[in-house]
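The values are calculated or read from the model by the stated rules, or taken from the named source; none is laboratory data. As the structure is a computational prediction, the values presented were derived from the model and not from experiment. Don't worry about glycine lacking a Cβ; one is built from the backbone with ideal geometry, like all the others, and counts go over all protein chains shown.
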Amino acid sequence: MSDDRYLQSALYQIQETPTYTAPTRKTEEPEFIERQVKSVPMPAAFVPTDDQLFMNDAHGRRRPNPDFLREHFLREGRLTIEQALTILRQTTDLLASEPNILHVRSPVTVVGDIHGQYYDLMKIFEIGGDLSDTNYLFLGDYVDRGCFGIECLLYLYTLKLWHPDRLFLLRGNHECRHLTEYFTFRRECLHKYSQPVYDACIESFCALPIVGLLDGKFFCVHGGISPELNTLEDIRRMNRFEEPKSFGLLCDLLWADPIPQFGNEHEPAAAIARGQPPLAPGQLWEHNGVRGCSYFFTYEAVIKFLERNELLGVIRGHEAQDAGYTMFRKTPTKKFPSVITVFSAPNYLDVYHNRGAILKYANKNITIRQYHARPHPYWLPNFMDAFTWSLPFVGAKIIEMLLAILSICSHEELEDSDSSDEPDAEARTLPDFSSLSAAAAQDLAGRRQQIKNKILVVGKMQRLFQLLREESENASELTPDSAGLGASDVGSRIGADALGVQGNQIRRYIRSFDEARKLDIANERLPQFDYAPTSFPLVPVPSMRQPLQAQLARSWHGSGSSTPTSPNDDDVDSGEGGFSDGGMGGVGRPPGAWPQPLGMEALIRRTLEEDEGDGGVVERLAERIASGRKPTGRPRPLKRHETT
């Protein structure tokens, strides 16, 4: 009885014990509509209609709506090609009707270089004030090097159409065909719009005025003064409707700089700091070796120019400034800064760490307003799409798989030592040509040599795709220069893989304005190049990559350097390795001029021609396969973690 009672109790407990149920996971369907980062607004994917974009002004003329355009561009929106051309043509006609020298009245906000930083341009208008309260004078360089040059240009042109007597635009050295083809603006126009839009931009650049005269007292220009400039009448008689040359008055107004150590340039210490011979007494001008054209003007040259034309000072842009501006030595009579440089592109190139600045002039008082950079959308280098950017990664893996298939020999088999357990290795490696005729043996050797060459090319292509992949990973517009930061400072590589730009590493290691300036100094020059797009689909056309090619030249030839910052710079090697001088042997180029760069195709060919740095493993593998040797050991498998 007790046993029955026990069994019934045990059975009851078993029945009451809750059964185990596995926790159910809530499977959420992936969301393909909602944005993953909701704080980032969605780009404007629509193209506005003419009714959305245009509106009539007080005279019944169709003008683009600046409020709509500002918000549309902030969301990365674009216009139709015809809409962009309409804005450009209307503004070109308006600019062409203006004189070479604009007369600007205060109150005014003077803005320096912008360089395609559209989101910082919006901040400038917030800080500078409304157009109903102040005039605006822009000193040029609206495009190039930034990713939003066409947006800056179209928005400023739209404001110019609505406020022709309140907003004034001057020409900078980057407003020309030569520099926009060399740097980024042409590629930007072709990516976002078309060649006719780019040509219309160039036509509008030639119509931009050159000089602004602020209250009849301040000479406002992009670059500086010229030895050919005596009075303002020289500018009024000048023809500005042309592509700037590498010399002459127009070139100097766009390219000239104040001499280093401005105001103390005649002292011996200044000559030592510049690395140049001391200036002769009374010397007013010196060749501008940093720019490769135009001049450095001295303090004395500025004072004489101001006195001849009864002016107070020169206000200019053209040079990046750590604080966004620099006020130079004051004049001896008026005690006012003889030259003021204004630079309005904060955190220039996303690496300079500089502040931007604008100059406000009202009631005979000058106020400098500084500001920091705003976040902006990211673009891959050279405006390439993600698929093109990823091709080197895909190519590298394909070549890796092909090499894995060809790797039928083990590491032991690739050793060239004669092992005791393989007495017939040499016999099996080398074919017996004695039984063959001379022609057949020669044909067999030729076919085996072809196989060997193909395998060698595959191995070198793997090397090339590895370099291109690193280029895509670290792409940037700057590259380390051994004359600047040391190789140990930025982790730069020596050898053929110097093709990689290491932009991300450079951004981490650039800690100051001076470091960025030193790395970027070669891009301040007037480039000498023949624009030729590469036929290699995986390699984007390089922009402002002259220092990169100079570094590559150093790795190939063991000497050479990037273009010196001055024609007499003793600290920089003037080797031309990796560049072509047209067979002139360096003769016939002006001092300090850019050497002609080798194209990207030539760089790739050199990579394929150079010796492998792997101890000849691919060479030995190709020799073994071509000679027909069969594997005797176990092939080494390809491991998942062995990705390059």
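Out of segment 213-226, which residues are touching a Gly at 6+ places or on another chain (Cβ under 8 Å) and not in a loop (DSSP other than H, G, I, E, B)?
The answer is 218, 219, 220.
Only one of these is acidic (Asp, Glu) and over 21 Å from residue 366 (Cα atoms): 267, 319. Name it. Break it down stepwise before answering.
Working: 319 fails: over 21 Å from residue 366 (Cα atoms).
Every option except 267 fails the conditions.
Please go through (1) within 30 Å of residue 147 (Cβ to Cβ); (2) at pLDDT 95 or above for residue 187 and return the number of the only condition it doesn't satisfy.
Status for residue 187: all satisfied but (2).
Considering 106, 204, 194, 132, which residue is over 19 Å from the mean Cα position of the chain (by Cα), of a type in the set (Gly, Ala, Ser) and more than 26 Å from residue 75 (Cα to Cα)? Please lay out each step first, then the result.
Values: 204 fails: more than 26 Å from residue 75 (Cα to Cα); 194 fails: more than 26 Å from residue 75 (Cα to Cα); 132 fails: more than 26 Å from residue 75 (Cα to Cα).
Going through 106, 204, 194, 132 in turn, just one is over 19 Å from the mean Cα position of the chain (by Cα), of a type in the set (Gly, Ala, Ser) and more than 26 Å from residue 75 (Cα to Cα): 106.
Go over the candidates 326, 341, 331, 367 one by one and state the one that is at pLDDT 85 or above and surrounded by fewer than 15 Cβ atoms within 10 Å (Cβ to Cβ).
Working: 326 fails: surrounded by fewer than 15 Cβ atoms within 10 Å (Cβ to Cβ); 341 fails: surrounded by fewer than 15 Cβ atoms within 10 Å (Cβ to Cβ); 331 fails: surrounded by fewer than 15 Cβ atoms within 10 Å (Cβ to Cβ).
Only one candidate qualifies: 367.
Take the conditions touching a Gly at 6+ places or on another chain (Cβ under 9 Å) and assigned by TED's automatic domain parsing to the domain that holds residue 248 and apply them to residue 346. Does it pass?
Working: touching a Gly at 6+ places or on another chain (Cβ under 9 Å): yes; assigned by TED's automatic domain parsing to the domain that holds residue 248: yes.
Yes; evaluated as a whole, the condition is true for this residue.
Hey, can you tell me all the residues within segment 240-259 that are in contact with a Cys (Cβ under 9 Å, 6 or more places away or on another chain) and either surrounded by fewer than 24 Cβ atoms within 10 Å (Cβ to Cβ) or among the polar types (S, T, N, Q) (or both)?
Once the filter is applied, which keeps residues that are in contact with a Cys (Cβ under 9 Å, 6 or more places away or on another chain) and either surrounded by fewer than 24 Cβ atoms within 10 Å (Cβ to Cβ) or among the polar types (S, T, N, Q) (or both), segment 240-259 yields 240, 241, 242, 243, 245, 246, 247, 251.
Does residue 363 qualify as being of a type in the set (S, T, N, Q) and at positive phi?
Numbers: of a type in the set (S, T, N, Q): yes; at positive phi: yes.
Spelling it out, residue 363 is indeed of a type in the set (S, T, N, Q) and at positive phi.
Output the residue which, of all residues in segment 164-197 that are among the aromatic types (Phe, Trp, Tyr) and touching a helix residue (DSSP H, G or I) at 6+ places or on another chain (Cβ under 6 Å), is farthest from residue 133 (Cα to Cα).
Start the filter on segment 164-197 by keeping residues that are among the aromatic types (Phe, Trp, Tyr), which leaves 168, 182-183, 185, 193.
Then drop every residue that is not touching a helix residue (DSSP H, G or I) at 6+ places or on another chain (Cβ under 6 Å), which leaves 185, 193.
Details: 185: 32, 193: 35 Å.
So, considering only residues that are among the aromatic types (Phe, Trp, Tyr) and touching a helix residue (DSSP H, G or I) at 6+ places or on another chain (Cβ under 6 Å), the one farthest from residue 133 (Cα to Cα) is 193.
Just to check your reading of the model, which residue among 173, 135, 230 is of a type in the set (S, T, N, Q), at pLDDT 95 or above and surrounded by 24 or more Cβ atoms within 10 Å (Cβ to Cβ)?
Details: 135 fails: surrounded by 24 or more Cβ atoms within 10 Å (Cβ to Cβ); 230 fails: surrounded by 24 or more Cβ atoms within 10 Å (Cβ to Cβ).
The unique qualifying residue is 173.
Being under 17 Å from residue 356 (Cα atoms), assigned to a helix (DSSP H, G or I) and modelled with pLDDT of 95 or more is true for just one of 121, 156. Which residue is that? Break it down stepwise before answering.
Values: 156 fails: under 17 Å from residue 356 (Cα atoms).
Only one candidate passes the filter, namely 121.
Out of (1) within 26 Å of the chain's Cα centre (by Cα); (2) modelled with pLDDT of 95 or more, what's the single condition that is false for residue 235?
Every condition holds for residue 235 apart from (1).
Looking at segment 98-114, which of its residues are out of contact with any helix residue (DSSP H, G or I) (no Cβ under 9 Å at 6 or more places or on another chain), more than 24 Å from residue 189 (Cβ to Cβ) and assigned to a loop (DSSP other than H, G, I, E, B)?
Once the filter is applied, which keeps residues that are out of contact with any helix residue (DSSP H, G or I) (no Cβ under 9 Å at 6 or more places or on another chain), more than 24 Å from residue 189 (Cβ to Cβ) and assigned to a loop (DSSP other than H, G, I, E, B), segment 98-114 yields 105, 106, 107.
Does segment 395-415 contain at least one residue that is outside the structural domain of residue 113 (by TED's automatic domain parsing), at pLDDT below 95 and within 30 Å of residue 185 (Cβ to Cβ)?
Yes, segment 395-415 has at least one match.
Looking at this structure, is residue 82 part of a helix (DSSP H, G or I) and under 17 Å from residue 156 (Cα atoms)? Before the answer, list the steps.
Details: part of a helix (DSSP H, G or I): yes; under 17 Å from residue 156 (Cα atoms): no.
In short, no.
Restricting attention to segment 227-245, report how many residues are in contact with a strand residue (DSSP E or B) (Cβ under 7 Å, 6 or more places away or on another chain) and in a loop (DSSP other than H, G, I, E, B). So that I can check it myself, show each step before the final result.
Kept after step one, since they are in contact with a strand residue (DSSP E or B) (Cβ under 7 Å, 6 or more places away or on another chain), are these residues of segment 227-245: 227, 232, 235-236.
The next check asks that each one be in a loop (DSSP other than H, G, I, E, B); those that pass are 227.
Number of matching residues: 1.
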